[in-house]
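Every number here is computed from the coordinates shown, using simple stated rules; none is lab data. All of these numbers come straight from a predicted model, not from anything done at the bench. Because the Cβ atoms are built from the backbone with ideal geometry, glycine has one as well, and the counts that use them run over all protein chains shown.
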Amino acid sequence: MSDHNGKSGQQLLHLVFGGELEDPQTVSFRDLAKLDIVGIFPNYETAHRAWKAKAQQTVDNAHMRYFIVHMHRLLDPDGDGKFG
């Protein structure tokens, strides 16, 4: 079952966040204190929906960008479901 946790019940956490960039060609934020942490989602599909909604809300601001971070890759870089 993979509707909430990803393949074979494994959690595949994703973080969605955004903020205003100093320059639209870089990933350097103007003010880290003003980052918009949208949330942590159990799979890419729900994270992508949240990202798309936020990106559409801010389409008129060329400096505003939202990102999806694959937290599961940071927490489990080997993909074996174990720490370390």
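A few remarks follow.
- A simple count of charges around ARG30, restricted to other residues whose Cβ falls under 10 Å of its Cβ and scoring Lys, Arg +1 and Asp, Glu -1, yields -3.
- Correct choice for Rg/Rh (Cα atoms, Kirkwood Rh) that was computed from the model, options (i) 1.00; (ii) 1.05; (iii) 1.09: (ii)
- Amide H contacts of LEU21 (H built 1.01 Å from N, under 5 Å, at least 5 apart or other chain): ARG30, MET64, ARG65
- Working note: 222 nm ellipticity from helices only, DSSP H runs with n ≥ 4, each -39,500 (n - 2.57), summed and divided by the residues of the chain, gives -6500 deg cm²/dmol to the nearest 500.
- Two-site label geometry, HIS48 and ASP23: point separation in nm, points 7 Å out along Cα→Cβ: 3.1 nm
- Whole-Hz ³J(HN,Hα) from phi, Karplus 6.51 cos²θ - 1.76 cosθ + 1.60, for segment 14-25, glycine and proline x: 9, 9, 10, 8, x, x, 7, 8, 5, 9, x, 8
- Listed values for segment 65-76 are Karplus-derived 3J(HN,Hα) couplings in whole Hz (6.51 cos²θ - 1.76 cosθ + 1.60, θ = phi - 60°), namely 9, 10, 9, 10, 9, 7, 4, 4, 6, 6, 6, 9, and x replaces Gly and Pro.
- Nearest 10 degrees, 0 to 90: helix 44-57 Cα axis against the chain principal axis: 10 degrees
- For ASN43, the residues whose amide H sits under 5 Å from its own are HIS14, ignoring neighbours fewer than 5 places away on the same chain, with H placed 1.01 Å from N.
- Taking other Cβ atoms within 10 Å as a rough exposure proxy, PHE41, PHE29 sort from fewest to most as PHE29, PHE41.
- Between the beta carbons of LEU32 and LYS82, assuming R0 = 22 Å, the FRET efficiency works out to 0.10 to the nearest 0.05.
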